[in-house]
1. Taking the chain as the region of interest, what is the percent of Cα-Cα pairs per 10 angstrom bin, listed from the shortest bin to the one with the maximum distance?
2. With the contact rule set at Cα under 8 Å and sequence spacing of 6 or more, what percent relative contact order holds for the stretch 229-324?
3. Over 23 Å between C-alpha atoms is what I'm after, so list which of LYS232/LYS290; LYS30/LYS232; LYS182/LYS232; LYS30/LYS78 land there.
4. What percent do you get for the relative contact order of the chain when only Cα pairs under 8 Å and 6+ apart count?
5. So how do 145-153, 109-117 stack up, highest first, on mean other-Cβ count within 10 Å?
6. In the calculated pair distance distribution of the stretch 224-329, what percentage of Cα-Cα distances lie above 25 Å?
7. Can you pull out the trypsin sites (Lys or Arg not before Pro) in the stretch 119-216 whose DSSP state is coil and whose Cβ has at most 11 other Cβ atoms within 10 Å?
8. Report the convex hull volume per residue for the stretch 15-185, counting only C-alpha atoms, in Å³.
Amino acid sequence: MADTVPAPLAGAAERDPRQALQALRAEIAKAVVGQDPAVTGLVVALLCRGHVLLEGVPGVAKTLLVRTLAAALRVGTKRVQFTPDLMPGDVTGSLVYDARTAEFSFQPGPVFTNLLLADEINRTPPKTQASLLEAMEERQVTVDGTPRPLPEPFLVAATQNPVEYEGTYPLPEAQLDRFLVKLILPLPTRDNEMQVLARHAAGFDPRDLGAAGVRAVAGPEDLDAARAEIAKLTVAPEILAYIVDLCRATRESPSLSLGVSPRGATALLNTARAWAWLAGRDYVTPDDVKALALPTLRHRLQLRPEAEMEGVTADSVLQAVLAHVPVPR
Ligand SMILES: Nc1ncnc2c1ncn2[C@@H]1O[C@H](COP(=O)(O)OP(=O)(O)OP(=O)(O)O)[C@@H](O)[C@H]1O
Ligand SMILES: [Mg+2]
């Protein structure tokens with residue numbers, strides 16, 4: 001994928017960042033039918049400077065969704081297919097010997113971009129996964145002792161198939177919380193699937209997003225302006241208490257060996273704030289917290305094997321917690 005950054009739109013400075021972010025959703029809908037929670041999750045992560053993990057069975061538009069987001073944003077973007085033989089240097093870059101100067105120079109890898117589509121991340125061995133996870137956490141790459149900062153904004157959208165699929169290397173549990181949100185793309189409803197087919201019958205080509213009318217409608221300046229507004233959002237003490245109580249309740253769940261950490265609690269505060277802002281409010285409601293609880297927390301807890309065998313899932317534990325913890329009024 002070319003790493004070209006289109007020029008900013010005229011008058012971008014006076015535009016309302018919320019409108020720009022909402023326009024982004026409309027652009028994505030030109031290619032992707034439905035999958036609204038995943039679209040929301042991606043936009044929220046952009047606003048929070050967080051990375052995204054998208055999970056779903058093959059063929060539910062994980063790749064198409066991220067490719068469309070990239071096309072609708074005025075940022076540099078690259079895509080890496082994580083194959084079993086991919087090496088860490090293929091992601092981060094490496095030192096290359098230049099015979100003319102008789103010196104080694106750093107050849108930046110695809111991670112040096114704004115929006116990196118890390119496709120099928122669990123098909124690559126742990127060593128290569130680790131190099132990406134490190135870059136995500138530190139927002140820099142260190143080769144030969146020299147740290148090299150990654151560009152800003154920097155967001156990784158990684159896709160994976162559910163772990164029980166053959167030939168996959170599950171991401172290390174302890175590092176999953178480097179992703180701000182984990183989005184699960186379900187199979188489409190019958191109506192949505194009919195719409196997918198209708199678009200294809202009418203000539204939609206997923207390889208040609210330009211022909212589908214997808215345009216770059218938001219850029220880094222919109223994200224900066226949005227983040228400045230989100231930072232001003234007020235959060236009532238009762239909402240902070242609600243987030244803390246939800247996270248504490250996961251630590252007491254008999255189905256879990258590990259509940260949500262305080263880092264997870266701060267993540268939920270951030271995503272709920274971004275969601276409240278997107279919804280056009282300058283304060284956070286309990287419903288904002290509820291809306292973002294599953295995508296923000298589901299990958300930050302560990303099920304006990306017994307519970308897992310009984311069919312308990314991270315989402316079912318979180319749903320039970322949401323149903324039991326008193327909601328502030
Ligand atoms: N919700 C949808 N909206 C529009 N097109 C869809 C949708 N779901 C599936 N498709 C169609 O199915 C194709 C497959 O999607 P895509 O390649 O993005 O799947 P994926 O989830 O990345 O699968 P894999 O896990 O195999 O990589 C898309 O290019 C598109 O044509
Ligand atoms: Mg894919």
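1. In whole percents, the pair-distance histogram is 5, 24, 33, 26, 10, 2, 0, 0.
2. The value is 33 percent.
3. Numbers: LYS232/LYS290 21 Å; LYS30/LYS232 32 Å; LYS182/LYS232 26 Å; LYS30/LYS78 21 Å.
The answer is LYS30/LYS232; LYS182/LYS232.
4. 22
5. Put in order of decreasing packing, that is 109-117, 145-153.
6. Cα-Cα pairs in the stretch 224-329 separated by more than 25 Å: 22 percent.
7. For trypsin sites (Lys or Arg not before Pro) across the stretch 119-216 that sit outside H, G, I, E and B with at most 11 neighbouring Cβ atoms in 10 Å, the list reads ARG207.
8. 128
Here, each number is a calculation from the coordinates, and none is a lab measurement. Being a predicted model, the structure only gives us computed values, none of them experimental. Quick reminder, even Gly has a Cβ in these numbers, built from the backbone with ideal geometry, and neighbours come from all protein chains shown.
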